[in-house]
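One structure is given below, encoded as structure tokens.
Each value in this text was obtained by applying a stated rule to the coordinates, not by laboratory testing. Everything numeric in this text was worked out from a predicted model, so none of it was measured. Every residue, glycine as well, gets a Cβ built from its backbone with ideal geometry; the counts of neighbours run over all protein chains shown.
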Amino acid sequence: MKNTTHDVILIGAGFAGLACAQTLARQGLQVMVQEKNPWPGTKIHTTGILVKELAETWNPPARYCNKIDQVRLYSPNMDYLDLHAPDYYFLATDTRSLLRWHAEQTIQSGASIRYGSIYNGSERQDGYHVLARTETRCRYLIGSDGSRSRVARQFALGRNQQFLLGVEADFQPPAGLSPKHLHVFLDQDLARGYIAWIVPGIRDVRIGMATRAPEPPDFDRLLAKLSRHWPIDTTVKPVRRAGLIPCGGLVHPFYTESVLLLGDAAGMVSPLTAGGIHPAIHIGEQAGQMVAEHLLHQGENPGRALRRELPRYYFKSSLRYLFDHLPINNRLYDRLISKPYFRLLAQTLFFHHRGLLSAAAWRDIINLSLET
Ligand SMILES: Cc1cc2nc3c(=O)[nH]c(=O)nc-3n(C[C@H](O)[C@H](O)[C@H](O)COP(=O)(O)OP(=O)(O)OC[C@H]3O[C@@H](n4cnc5c(N)ncnc54)[C@H](O)[C@@H]3O)c2cc1C
């Protein structure tokens, strides 16, 4: 007979939900993940770049990863500077395969995943959450269902209010484009409040951009601009992926006594860089430990315990505020690109030179800017 009673049900088999489910199942809990898509990686809405910190703790299979340790940063008029840090790198990934691997690991850990099954709400009965129109129930419910979380809405939890709008597509690598660099384009007219990018992947390149909502990204204009510099083959219309990236920081509240939000649903994304995969996995695993401790040993409310451990993003939120509100325009970017202090600033942001939060890094930048 099908087991309908679980210790934990997670809604959403993305990076956060799967990471948390694995940790819970390894502690011996009965865990199910419910996912609306029919199979893993059906709808990808991420570029899938992993930062070094995650690569080294998570160990994704090398066959799905392309190591990149250089960034080419372009000003709006396409002058560029190359940034490199010998001790830092990113992984561009075959994200679909990576998510499939992540799902396999989850099943091997003992959790089950129910694909093609949308969460339509739940009711509280006898201390359990019972999923709508089913007999499936759990003691603890986790909403890892992305930036527009249904779980957050149902339980009147905090909701993401600020977003970047991202869009991207895969192309054949164009001749003349360096495959060794992560190409990053600054252009306030085109990608207001964020950047555009070309990421050399495993077999193709990903071209994408994000803008600060509500400004819609004009992808055709980006392709037109890039096509003036590289022969980008747009004869076969690639499938475009689009998505919302929360950039307002942690939502409040993000838990109740028996419900917790994780990943994008909770706003666990760097407000500045928009990197969300590292926090989704890292905090997802931490949350798994805390929920297991709570259910197995009557430990404290996992949301409260997690709250103390979470990054507050105060500093990155302040930088995001500055980025949104300072009168930065393309002429300024064109001038800054050749300045040594701008190079150091970019180095700090991309490669965590001395650490983004380190006073020393910011002292270096200020000293250099005063000298030049
Ligand atoms: C264009 C773009 C590029 C990005 N690039 C990067 C990058 O390079 N590096 C990086 O670190 N971050 C990047 N991000 C951010 C990153 O992708 C996310 O922060 C990360 O994927 C969040 O993982 P998650 O598990 O919280 O949510 P998601 O990956 O969104 O997973 C949520 C899951 O829940 C499912 N779901 C939703 N509603 C329901 C429902 N009602 N019932 C059942 N299932 C449901 C969805 O189908 C989905 O599978 C990017 C985002 C975008 C939009």
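When +1 charges are put on Lys and Arg Cβ atoms and -1 charges on Asp and Glu Cβ atoms, the dipole computed for the range 10-93 relative to its Cα centre reaches about 400 debye.
Taking the DSSP bridge list for the chain and keeping only pairs wholly inside it, about 65 percent are antiparallel.
Cα-Cα pairs above 30 Å in the chain: how many percent?
When every Cα pair of the chain is considered, 40 percent fall beyond 30 Å.
With helices as the sole contributors, the chain gives -9500 deg cm²/dmol at 222 nm; each DSSP H run of n ≥ 4 counts as -39500 (n - 2.57), and the sum is divided by every residue.
Normalised by the number of residues in the chain, the average gap of Cα pairs under 8 Å and 6 or more apart makes the relative contact order 20 percent.
Longest stretch of the chain clear of exposed loop sites (GluC sites (Glu not before Pro), DSSP loop, at most 16 other Cβ atoms within 10 Å, sites excluded): 1-134. As a quick test, which of the pairs 237/316; 52/180; 316/339; 43/67; 180/339; 52/316 have an alpha carbon distance above 26 angstrom in this structure? Result: 237/316 exceed 26 Å. Under 12 Å between alpha carbons, and skipping anything fewer than 8 positions from residue 36 in its own chain: which aspartates and glutamates qualify? Hits, sequence-local ones excluded: 145.
Here the peptides 272-283, 240-251 are ranked by packing, the mean other Cβ count within 10 Å, and the order with the highest first is 272-283, 240-251.
So if R0 is 45 Å, what FRET efficiency would residue 329 and residue 202 give, r being the distance between their Cβ atoms, rounded to the nearest 0.05?
With a Förster radius of 45 Å, E is 0.80.
Dipole size of the range 39-169 about its Cα centre, with +1 on Lys/Arg Cβ and -1 on Asp/Glu Cβ: approximately 680 debye, rounded to the nearest 20. Toward the positive end of the charge dipole of the chain, with +1 on the Cβ of Lys and Arg and -1 on the Cβ of Asp and Glu, the farthest Cα among 349, 77, 15 is that of 77. Take the Cα of residue 240, step 7 Å toward its Cβ, do the same at residue 322, and the gap between the two points is 3.3 nm. Placing unit charges on C-beta atoms (Lys and Arg positive, Asp and Glu negative, everything else neutral), compute the dipole magnitude of the chain about its Cα centre in debye, rounded to 20. Its charge dipole is roughly 420 debye. In this rough spin-label picture, where each label sits 7 Å from Cα along the Cβ direction, the residue 115-residue 133 distance is 2.2 nm.
Do you know the relative contact order of the range 29-133, to the nearest whole percent, from alpha carbon pairs under 8 angstrom that are 6+ apart? Dividing the mean separation by the residue count of the range 29-133 yields 41 percent.
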